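Structure first, commentary second.
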Amino acid sequence: QEAWQEIPHVTQYDFGDITELDKTRKKLKKEGEKKEIKVTFLPFLMKAVVVVLKEMPRFNSSLDHNGENLVIKNYYHIGVAVDTPSGLVVPVIKDVDKKSIFKLSAELMDISGRARDRKLLPNELQGGTFTISSLGGIGGAHFSPIVTPPEVAILGVSKSDWKQVYDKKGKSFNARYILPFSLSYDHRVIDGASGASFTTRLSQVLKKESFFED
């Protein structure tokens, strides 16, 4: 409630073509099964977000307690919203840029399980620089997530689905796997043009599976 009242929110909506990325995920999923690691789409999304955050550091920042100075973070601690029987909690995965897809997958398995069992440590819920809230496993096309202070932006991910997309070069419709997502941000720090640039760049990154080679 405090975040909604004090932060002037703007939400930018977009889509990402994850057809090729999904092929990469399925390949790594098979490799992960041998190690008893469940490879979901979320670690790929975390890595994609970090690519964009490094290019647009204003999104990986916070306002000081006076709301006057912007503190740019040079580390990438990504909060991940987890639905538990006790409500929504947001554990933080530290140093995402330094970890592989398998390492992130293993950490997500561990931290999600302990979140549901209410066994997270206090420091595992602190220090995030950017948050991802995923409702893809539940459904829906778009939603407007609320920014988590002192962060200045949050990504909301909805359910992916197959769509017929027109290929101008080939002059034909092709089935593509499309991910809808939305970016809410603090309008005191980020303007609309920057918000649109972020979602556009994220769409480009998601389309290039080469960003996620382990």
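Remarks
- The sole residue among N74, N123 that is assigned to a loop (DSSP other than H, G, I, E, B), open to solvent by 60 Å² or more (accessible area, probe 1.4 Å) and closer than 25 Å to I7 by Cβ is N74.
- Residue match in segment 190-205 (condition: open to solvent by 70 Å² or more (accessible area, probe 1.4 Å) and modelled with pLDDT under 95): no
- A single entry from E36, E2, E31 fulfils the requirement of being at positive phi and more than 19 Å from the chain's Cα centre (by Cα): E36.
- Cβ-Cβ contacts under 9 Å between residues 6 or more apart (or on different chains), taken from a first residue in segment 171-185 that is free of Cβ contacts under 8 Å to residues at least 24 places away in the same chain to a second residue that is of a type in the set (D, E) and surrounded by fewer than 20 Cβ atoms within 10 Å (Cβ to Cβ), are listed as F173/D167; N174/D167.
- Taking the conditions (1) in contact (Cβ under 8 Å) with a residue 60 or more places away in the chain; (2) open to solvent by 40 Å² or more (accessible area, probe 1.4 Å); (3) farther than 24 Å from G16 by Cβ in turn, S62 satisfies each one other than (2).
- Complete set of residues in segment 1-43 that are open to solvent by 70 Å² or more (accessible area, probe 1.4 Å), in contact (Cβ under 8 Å) with a residue 12 or more places away in the chain, of a type in the set (K, R) and outside any loop (DSSP other than H, G, I, E, B): K23
- Any chance V50 is under 30 Å from N174 (Cβ atoms) and either modelled with pLDDT of 95 or more or crowded, with 19+ Cβ neighbours inside 10 Å (or both): yes
- Flag if F173 is of a type outside the set (D, E, K, R) and either surrounded by 13 or more Cβ atoms within 10 Å (Cβ to Cβ) or within 24 Å of P91 (Cβ to Cβ) (or both): no
- As a summary of the residue check, E55 satisfies the conditions (1) among the acidic types (D, E); (2) open to solvent by less than 40 Å² (accessible area, probe 1.4 Å); (3) touching a residue at least 60 places away in the same chain (Cβ under 8 Å) except for the one numbered (2).
- Filtering segment 77-120 to residues that are of a type in the set (S, T, Y), within 24 Å of K29 (Cβ to Cβ) and open to solvent by 30 Å² or more (accessible area, probe 1.4 Å) leaves only S100.
- If you go through segment 134-169 and pick out every residue that is open to solvent by less than 20 Å² (accessible area, probe 1.4 Å), within 19 Å of V51 (Cα to Cα) and touching a Leu at 6+ places or on another chain (Cβ under 9 Å), you end up with 6.
The values are calculated or read from the model by the stated rules, or taken from the named source; none is laboratory data. Worth saying up front: this structure is predicted, and the values here are computed from it rather than measured. Heads up, the Cβs are rebuilt from the backbone with ideal geometry, glycines too, and the neighbour counts pull from every protein chain shown. Note: areas computed on protein heavy atoms with side chains; ligands, DNA, RNA excluded. Shrake-Rupley method; radii C 1.70, N 1.55, O 1.52, S 1.80 Å.
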